[in-house]
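Reviewing the structure listed below.
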Amino acid sequence: MFSLEANIIRQTPCGAGFYLLELEAPDVSSRAAPGQFVMVRVGDDYDPLLRRPLSVHDAGDGRIRLLYRVVGKGTGRLSRRGEGERVGLLGPLGNGFEVRPPLDTAALVAGGRGVAPMLFLARRIRRECPSARLILFFGARTGEELVRLEAFENLNVEMRLATEDGSKGTKGLVTQLVRGSLLSDAEVRIYACGPMPMLKALGPVAAEQSIPAQVSLEAHMSCGLGVCRGCVVKTKNGYAHVCQDGPVFPLDAPDWEVRT
Amino acid sequence: MTTPGPLLETRIGDLVLKNPVMTASGTFAYGAEFAPYVDLNDLGAVVVKGISLEPRQGNPPPRTAETPCGMVNAIGLENVGLERFLADKLPYLRRFDVPVVVNVLGRQVDDYVRLAGALSEAGGVSAIELNVSCPNVKSGGQTFGVDPEAVNALVAAVRPAASIPLWVKLTPLVTDIVIIGRAAQEAGADAVCVGNTFPAMAIDVHRRKPKLGNVVGGLSGPAIRPIMVRLCWLLARSLDIPVIGIGGVMCADDALEYLLAGARAVQVGTANFVDPRTTVSIVEGLRKYLAEQGVGRVDEIVGQLRLE
C-alpha cells in the first residue's frame, strides 16, 4: 500500500458523465490487481473532506487509469482536475478478483459504472489464461452510457450489450442476457460489478448453471483501510467490511435479502 | 524518521509523551492498520478504538455520511471486545515505544469498573480513557456525560479499579462543560479530553430518508473545530488537571489552536481517514513552528493565548 501525490497525465471525458483519469503511479501500477481500488483525494481543502474510492480500470507502464462517473460533489471536483496537477492517491487497497487457470470462459458482467474494474480484469485474464474466451455482458440505462467499448474490443473481448431504453444492444437488463447465454463450458466463471439489484438478480442465474461467481461491491468509504468500520455489508456471518474483506466477495456471501 | 526530542515532550499527569500528538479513538483502529504509513514510535500516544466487555457488531449501514468539511458517523461502537483486544491487539502494540491509551465504553458503571481493572492489570496500557457518551442503561438511557453527578459517580467508582492514569472523554453536547469537567476532576480523573463527536444527522432529500442507518450520528472533522477549541479553552482555564483537545485537527496550525487555548496535547481523528500520515506531519509542523517562534519547549506555548 502506497500513499503518494500522483501526477495527472491526462483526463479524458468519455461521455454520459464518465471520465478516464490517467495517473503516474509506478508502485501502485506494478502492485495492483484487478478488482482492487485506490482512495483519491479530489482536492487540497476540506470540502469535500474524504477521499473517493475508485476501482483500478487499467494498470501498466507505471500508470494507472481510473474510470469514474460524476455522481456528486467529489467526483465533480475530480473531473475538473487536469494535466500537470497532482492528486493524493492511496493504494492499491482491498481484495481483487481471483484469476487462475483452468478457465475456459470468463463472463464479465457490468452494470453502468460497474464496468470500471472489468478492463484491467480482462487484461489479466488474457495474460493468465490466454486461451480463455472473454465475454463482456454490459448493461446500462442508455446507449451512451456504454462507455469504453473500444478498449474491450482491442483485447478481443466479445460483447453482449443491453440497454433499458433499447437505444443500443438488447432492450432490457443485462442479467437477462446472461441468463439467455449458454455458458456450458467446463470451466466458466462470472465476474460482476454493478448496482445491488443487478448483483442480486445474478444470484439465481449463476446458481441455475452452477457457475462460480465473484462480485465487486460498492460502498461509501471514509478511510478505505479497515479503520473507520463504516463500509459494512450484511453477510450470512454478520457484517463484512467492503474495503478490507472485499470489495470482491463470492456472490453468495452477501445477505441479499437485506441489500436490495 | 523524526527524532523525538525534549522540544516536543509533554506530560499528562505522570504520563510522559514524546510529543503532544495522539490519535483519537475510533480513527486509528488498533494501530497495525497504520503501520504501512506511520512509525508508531513517532506518536505521542496511540488511543485505540473503544473497547467494551463483549464484542459489538455495530449499527446497520450506511454508517457514515459526508457533510460540509466533516462527516457524520454512527458506527455503533463496533469492536472486538476486551478478551480479543488483550489476546490479539495489545501484544502488537507492546512492541512499540509509544504509550497505549485504551478508550473504554460500557452501559453501566460496573462495565467500566471491570474494564478498568482488566486493562490496568494487562500490562502495556498507559492510560484508560472513559467514553462517557454512552447511554447509561441504569438511568433510562441518558448518556453519562450530560449529568455531572453521573460523571462524578462513574469516575469515583472506576478510580480505585484503575491503577493507571484515568482520562475522561467528555461529550460536547452540554450546557456548561466546566461543571462536567469539575465533576470528573473532583472524582479523581487525571485528565479530560474534549470531546467526542457532536450529535447530528443528515438527510437524503430525494429519497426523504436519513443518510445513516441509525438515523442520527456524531459529527466530526474540521466543521466542529471552532466549537471544540472554545470548550477546550473554557475547561483549561477552570480545571487543575490537563485538558486534551480533540476535534477537526488536520494540520499543525489546528493543533496549535488547541495548545494556545490551553490543551496540553491533541488527538487527531477524522484526519487519519483523509491522510494516514496526518499525525506525523503535525509533529513535524509543530517542530517547525517552535523553531520559527524561538520557543524552546512545546509546554511553553500551552495556554499562551494573548487576550490583550
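Residues that are in contact (Cβ under 8 Å) with a residue 60 or more places away in the chain and facing another protein chain (nearest Cβ under 7 Å) were ranked within segment B:38-64; the one that is most open to solvent (accessible area, probe 1.4 Å) is B:Pro62.
Step by step: first the residues of segment B:277-307, then only those that are open to solvent by 40 Å² or more (accessible area, probe 1.4 Å) and hydrophobic (A, V, I, L, M, F, W, C), then the one that is nearest to the chain's Cα centre (by Cα). Which residue is that? Applying the filter and picking the extreme gives B:Leu305. Quick check: anything in segment A:29-39 within 13 Å of chain B (Cβ to nearest Cβ), closer than 23 Å to A:Val71 by Cβ and in contact with a Lys or Arg (Cβ under 7 Å, 6 or more places away or on another chain)? The answer is yes, given that some residue of segment A:29-39 is within 13 Å of chain B (Cβ to nearest Cβ), closer than 23 Å to A:Val71 by Cβ and in contact with a Lys or Arg (Cβ under 7 Å, 6 or more places away or on another chain). Quick check on A:Pro250: is it open to solvent by 30 Å² or more (accessible area, probe 1.4 Å), away from chain B (no Cβ under 11 Å) and not acidic (Asp, Glu)? Against the criterion (open to solvent by 30 Å² or more (accessible area, probe 1.4 Å), away from chain B (no Cβ under 11 Å) and not acidic (Asp, Glu)), A:Pro250 qualifies.
Across segment B:178-221, the qualifying residues are those that are of a type in the set (Asp, Glu) and surrounded by fewer than 19 Cβ atoms within 10 Å (Cβ to Cβ), and the one among them that is farthest from B:Ile241 (Cα to Cα) is B:Asp204.
Residues in segment A:236-247 that are open to solvent by less than 20 Å² (accessible area, probe 1.4 Å) and either of a type outside the set (Gly, Ala, Ser) or more than 11 Å from every other protein chain (Cβ to nearest Cβ) (or both): A:His241, A:Val242, A:Cys243, A:Gly246, A:Pro247.
Can you find a residue in segment A:78-90 that is part of a helix (DSSP H, G or I) and charged (D, E, K, R)? No - not one qualifying residue is present in segment A:78-90. Residues that are modelled with pLDDT of 95 or more, surrounded by fewer than 24 Cβ atoms within 10 Å (Cβ to Cβ) and charged (D, E, K, R): does segment B:129-144 have at least one? Looking through segment B:129-144, none of the residues is modelled with pLDDT of 95 or more, surrounded by fewer than 24 Cβ atoms within 10 Å (Cβ to Cβ) and charged (D, E, K, R).
Of all the numbered requirements in (1) closer than 21 Å to B:Asp275 by Cβ; (2) of a type in the set (Gly, Ala, Ser); (3) crowded, with 23+ Cβ neighbours inside 10 Å, A:Gly74 misses one, and that requirement is (3). Residues that are surrounded by fewer than 24 Cβ atoms within 10 Å (Cβ to Cβ) and part of a helix (DSSP H, G or I) within segment B:237-271 comprise B:Ala252, B:Asp253, B:Asp254, B:Leu256, B:Glu257, B:Leu260, B:Ala261, listed in sequence order.
So that you can scan it fast, the table gives a plain yes or no per residue for (1) in contact with a strand residue (DSSP E or B) (Cβ under 9 Å, 6 or more places away or on another chain); (2) within 20 Å of A:Val227 (Cβ to Cβ); (3) in a helix (DSSP H, G or I):
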{"site": "B:Leu90", "(1), (2), (3)": "yes, yes, yes"}
{"site": "B:Leu93", "(1), (2), (3)": "yes, yes, yes"}
{"site": "B:Gly106", "(1), (2), (3)": "yes, no, no"}
{"site": "B:Asp110", "(1), (2), (3)": "no, no, yes"}
{"site": "B:Arg114", "(1), (2), (3)": "no, no, yes"}
{"site": "B:Gly117", "(1), (2), (3)": "no, no, yes"}
{"site": "B:Ser120", "(1), (2), (3)": "yes, no, yes"}
{"site": "B:Val174", "(1), (2), (3)": "no, no, no"}
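Just one of the numbered conditions (1) within 14 Å of chain A (Cβ to nearest Cβ); (2) open to solvent by 50 Å² or more (accessible area, probe 1.4 Å) is not true of B:Val274: (2).
With respect to B:Leu7, is the statement that it is at pLDDT below 95, in a helix (DSSP H, G or I) and over 14 Å from B:Gln267 (Cβ atoms) true? When the stated conditions are applied, B:Leu7 passes them.
Evaluate the following for B:Leu93: is it out of contact with any Pro (no Cβ under 8 Å at 6 or more places or on another chain) and under 22 Å from B:Thr143 (Cα atoms)? No. Go through B:Val192, B:Val178 for me and flag whichever is outside any helix (DSSP H, G or I) and either out of contact with any Lys or Arg (no Cβ under 9 Å at 6 or more places or on another chain) or of a type outside the set (S, T, N, Q) (or both). Answer to the check: B:Val192. Any idea which residue in segment B:65-88 is farthest from the other protein chains (Cβ to nearest Cβ), counting only those that are of a type in the set (Val, Ile, Thr) and assigned to a loop (DSSP other than H, G, I, E, B)? Looking at the filtered set, the residue picked out is B:Val80. Of note, B:Asp88 satisfies the criterion of being surrounded by fewer than 22 Cβ atoms within 10 Å (Cβ to Cβ) and without any contact (Cβ under 8 Å) to a residue 60 or more places away in the chain. Note on segment A:226-235: among residues that are touching a strand residue (DSSP E or B) at 6+ places or on another chain (Cβ under 7 Å) and within 24 Å of B:Ala35 (Cα to Cα), the one that is most open to solvent (accessible area, probe 1.4 Å) is A:Arg229. Looking only at residues in segment A:208-223 that are open to solvent by less than 10 Å² (accessible area, probe 1.4 Å) and facing chain B (nearest Cβ under 8 Å), the one that is nearest to B:Ala32 (Cα to Cα) is A:Cys223.
Exactly one residue among A:Glu98, A:Glu5, A:Glu85 is touching a residue at least 40 places away in the same chain (Cβ under 8 Å), loosely packed, with under 15 Cβ neighbours inside 10 Å and within 14 Å of chain B (Cβ to nearest Cβ), and that residue is A:Glu5. Cβ-Cβ contacts under 9 Å between residues 6 or more apart (or on different chains), taken from a first residue in segment A:119-130 that is part of a helix (DSSP H, G or I) to a second residue that is open to solvent by 50 Å² or more (accessible area, probe 1.4 Å), are listed as A:Arg126/A:Asn156; A:Glu128/A:Arg100; A:Glu128/A:Pro101.
The values are calculated or read from the model by the stated rules, or taken from the named source; none is laboratory data. The model shown is predicted, which means the values in this text are computed figures rather than measured ones. Positions of Cβ are generated from backbone atoms using ideal geometry, with glycine treated the same way; all protein chains shown enter the neighbour counts. Ligands, DNA and RNA are excluded from the accessible area calculation, which covers all protein heavy atoms including side chains. Shrake-Rupley method; radii C 1.70, N 1.55, O 1.52, S 1.80 Å.
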